[in-house]
Amino acid sequence: MPEGDTIFRAARALQRAIGGQFCTGFETALAPLARVNDDTPLAGRTIERVEARGKWLLIYFSGDLILVTHMLMSGSWHLYRTGERWQMGKARMRAVIRTAGWQAVAFNVPVAEFHTARSLARYTAIPTLGVDVLSQDYTIESAIARLKAYAAEVPTAEIAVVLLNQRVLAGLGNVYKSEVAFAAGVNPFRAISTLTGREFEVIAETAQKWMKVNVLDGASGGIVTYAGNRRTLHTSDRQQRTWVYRRAGQQCRRCGDTIQMRKQGEQARSTYWCPTCQP
């Protein structure tokens, strides 16, 4: 599922392929996007930059036009050389941005909207995001401050649910939620107001460290569109990549107890933890 690291890698790959290029064509299966393109065509505009904000991906075009997308559970951006065959059928295409050498294709994207800078500033979903864990603005101190502020506001909120709240910290998803709580030795169902200063610190540090590890591939050059399964352990073995996530019924890698799983929150997301390491 697309989480903040996936969107970061997608934005980086798109920026390297089409950033700074002229848009030679735009095609969409979504009527609201088509209407904007009919009125103010994208062809001929410059793709100024592509950036990630938490789980949102924003493509900026010259002339004050921004394409904003969110992948939710199933969406994805693909890059193809001009003339290259797509890996998904056209029925799944939601938008195509063409340049002289590339096609950037959005498949199964459930949220795709055009904005101006002004309308984006008023858009309720993005301006209210917490600090992006992968952004240059993220610091351990700023993350701790956000967590503590939310603890004061909603003291009974369960910490794993808070970690999924994009208005607190942007970018964390279901994998990191369980993994970060394990790293801090915090039971994921604990009320956030019961956490100690050190536990907040470990959560803030680990969230940044592990997300950065999962966007390292291709960081020094080249266009990387896929970097494999997320990992929070220093191994490339597919079966040894995480501490607790998707390991219900297996032994804890640290203490040997049995990893547990329970649905949590209004969205009933799966949460994994070790009852001994996270009492």
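The values are calculated or read from the model by the stated rules, or taken from the named source; none is laboratory data. The structure presented is a predicted model; accordingly, all values stated were derived computationally and were not measured. Positions of Cβ are generated from backbone atoms using ideal geometry, with glycine treated the same way; all protein chains shown enter the neighbour counts. What goes into the accessible areas is simple: the full protein's heavy atoms, side chains included, and nothing from ligands, DNA or RNA. Shrake-Rupley method; radii C 1.70, N 1.55, O 1.52, S 1.80 Å.
Considered as a group, the residues in the range 146-192 that are in contact with a Leu (Cβ under 8 Å, 6 or more places away or on another chain) and polar (S, T, N, Q) include one that is least open to solvent (accessible area, probe 1.4 Å), and that residue is 174.
Annotation note: of 122, 92, 85, the sole residue that is of a type in the set (D, E, K, R) and over 24 Å from the mean Cα position of the chain (by Cα) is 85.
Within the range 72-94, residues that are in contact (Cβ under 8 Å) with a residue 12 or more places away in the chain and within 15 Å of residue 30 (Cβ to Cβ) reach no partner that is open to solvent by less than 50 Å² (accessible area, probe 1.4 Å) and among the acidic types (Asp, Glu) with beta carbons closer than 7 Å at six or more positions or on different chains. Under 8 Å between Cβ atoms, which residue pairs at least 6 apart in sequence (or on different chains) link something in the range 186-210 that is under 17 Å from residue 3 (Cβ atoms) with a partner that is crowded, with 17+ Cβ neighbours inside 10 Å and of a type in the set (Lys, Arg)? Qualifying pairs under 8 Å: 188/177.
Applying a threshold of 8 Å to beta carbon distances and a minimum spacing of six or more residues, or different chains, the list of pairs starting in the range 108-129 at a residue that is closer than 22 Å to residue 146 by Cβ and ending at one that is among the aromatic types (Phe, Trp, Tyr) and surrounded by 13 or more Cβ atoms within 10 Å (Cβ to Cβ) reads 125/56; 126/56; 129/56.
Residue-level check: of (1) open to solvent by 40 Å² or more (accessible area, probe 1.4 Å); (2) touching a strand residue (DSSP E or B) at 6+ places or on another chain (Cβ under 7 Å); (3) closer than 28 Å to residue 62 by Cβ, residue 96 misses just (1). Residues that are at positive phi and either of a type in the set (A, V, I, L, M, F, W, C) or exposed (fewer than 14 other Cβ atoms within 10 Å of the Cβ) (or both) within the range 26-56 comprise just one, 44.
Listed here are the residues, each with its yes/no results for (1) outside any loop (DSSP other than H, G, I, E, B); (2) at pLDDT below 55; (3) among the acidic types (Asp, Glu).
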| site | (1), (2), (3) |
| --- | --- |
| 199 | yes, no, yes |
| 203 | yes, no, no |
| 215 | no, no, no |
| 221 | no, yes, no |
| 227 | no, yes, no |
| 232 | no, no, no |
| 243 | no, no, no |
| 255 | no, no, no |
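For the range 175-193, the criterion of a residue being modelled with pLDDT of 95 or more, farther than 22 Å from residue 72 by Cα and of a type in the set (Val, Ile, Thr) is satisfied by at least one position. Residue 269 meets each of the listed conditions (1) closer than 12 Å to residue 183 by Cα; (2) surrounded by 15 or more Cβ atoms within 10 Å (Cβ to Cβ) apart from (1). Among the residues making up the range 130-145, those that are buried (at least 16 other Cβ atoms within 10 Å of the Cβ) and in a helix (DSSP H, G or I) are 143, 144.
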